[in-house]
Amino acid sequence: DTFWSSERFICGCLAFENALAQALEEAGLVTEAEARSAREDIAGFQPDAAAVSAATLEDGVPVPELLRQLKAHCRSASLPAIHRGATSQDLIDTGFLLILREINAVLESRLEFAIGGFAVLDKAWGNASMMGRTRMQAALPIRVSDRISAWKQPLETHLAALHGMRARLEVLQLGGAVGNRSALEPSGDAVAASLARTLGLAAPRKAWHGERAVLVEYAGLLSIIAASLGKFGQDICLMAQQGIGEVALKGGGTSSAMPHKQNPVLAELLVTHARFNANLVPNMHHAMLHEQERSGAAWTLEWVALPSMTIATGKSLLLATELQAKIERLGTSD
């Protein structure tokens, strides 16, 4: 959750302004001296985060107060290169995507680690036998490898999906007041291309202020990843039942009233996180409904839902690898 700190978000906004000054110079919209002065002033700027937070309650977004402070800090020579042609949503969406870019790298790494953990379990226990169950009833014998495959293969699919989605997701936002870059004519597209290149994001053909489908798709993928891990957790819970005994776990949660119990707490948490994310997906679908060129209510709904979903998914991946390490046996005991 440190990815979503106010400090990191403000750093993203300032990175946008710094890169914008450079892009404006490259497009010939400001002089070299103006751009250099702006970048120097931005580098030396220390915002009052508490004042930004307080003003957000009135303005609805943190950018107006942040820009008031920045412009008050800047020399007059810098002002032509500060925030020219941009709007609050450009900074916020871009700052949001800069954070998601970092998160996605972590999620990919954790997915790879979880996939590797299942491969280790398969090597150790894959040839053991266990009862296959359909509709929670005994069906026909299977190998442990069959069950592990049902845990591992979906994660491989999700890793490929996340990798493929990143180029469409990690995209610069630059549209200006009404999303058409009119304040930067005739150089709006050139400024966007330079800005995106400096920030390491993709350059969009146009602003996407009111077009949020890829974020909804991303939220769906986060929920699917958590759900696949939740299936792993739910299976472990069922396999650990007394009388079933298809898994042996190190440690486990104890009961205050029943000392004979060993609760599969990590597995239960995977189920909890999966259900938590599933409940947030509809909010992201509601957030697609932007009125005209920009919405306030739909836009801010994303801020409530999506950070929480990334945290839950990242935590699920950590819980899954921790649970993998606690498995001492899979399959029917002799």
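Observations
- The fraction of Cα-Cα pairs per 10 angstrom bin, counted from 0 for segment 86-133, comes to 21, 24, 20, 15, 12, 7, 1 percent, rounded to whole percents.
- Two-site label geometry, Ala139 and Ser6: point separation in nm, points 7 Å out along Cα→Cβ: 5.3
- For segment 55-94: rounded, prolate or oblate by the Cα gyration tensor [a/c cutoff 1.5]: oblate
- Computed with the Debye formula from one identical point scatterer per Cα of segment 201-334, without solvent, the log10 of I(q)/I(0) at q = 0.19 Å⁻¹ comes to -1.00.
- If you take the alpha carbon atoms of the chain and fit the smallest convex hull around them, that volume is 158 Å³ per residue.
- To the nearest 10, the accessible area of Glu268 is 80 Å² with a 1.4 Å probe.
- Heavy-atom surface analysis with a 1.4 Å probe gives segment 191-250 a carbon and sulfur content of 55 percent of its accessible area.
- Per-residue surface analysis assigns Asp59 an accessible area of about 60 Å², computed on protein heavy atoms at 1.4 Å probe radius.
- Relative to the current alpha-carbon distance between Glu211 and Arg275, full extension at 0.36 nm per residue lengthens the span by 20.3 nm.
- In this simple spin-label model, placing a label point 7 Å from the Cα along the Cα-to-Cβ direction at both Ala203 and Lys231 gives a separation of 4.2 nm.
- Cα gyration tensor shape for segment 1-140, rounded if a/c is under 1.5, else prolate or oblate: prolate
- Within segment 177-236, all pairs of alpha-carbon atoms sorted by distance into 5 Å bins from zero give the percentages 4, 15, 15, 15, 14, 9, 8, 7, 6, 4, 2, 1, 0.
- A Gaussian network model of the chain, with springs between Cα atoms under 10 Å, assigns the largest mean-square fluctuation among Met136, Met288, Met309 to Met136.
- Whole-percent carbon and sulfur share, accessible surface of segment 87-182, 1.4 Å: 57
- Computed over the Cα atoms of segment 123-250, the ratio of the radius of gyration to the Kirkwood radius (Rg/Rh) comes to 1.27.
- Taking amide H positions as modeled 1.01 Å from N, with prolines and chain starts lacking one, the residues under 5 Å from Gly132 and 5 or more places away or on another chain are Ala139, Leu140, Ile142.
- Remark: the chain carries 47 Å² of accessible area per residue (probe radius 1.4 Å; ligands, DNA and RNA excluded).
- Here, segment 261-313 has an Rg and a Dmax of 15.3, 58 Å when only alpha carbons are counted.
The values are calculated or read from the model by the stated rules, or taken from the named source; none is laboratory data. Computed from a prediction, not measured in an experiment: that's the story for all the values here. Positions of Cβ are generated from backbone atoms using ideal geometry, with glycine treated the same way; all protein chains shown enter the neighbour counts. Each accessible area value is taken on the protein alone, full model and side chains, heavy atoms only, with ligands, DNA and RNA left out. Shrake-Rupley method; radii C 1.70, N 1.55, O 1.52, S 1.80 Å.
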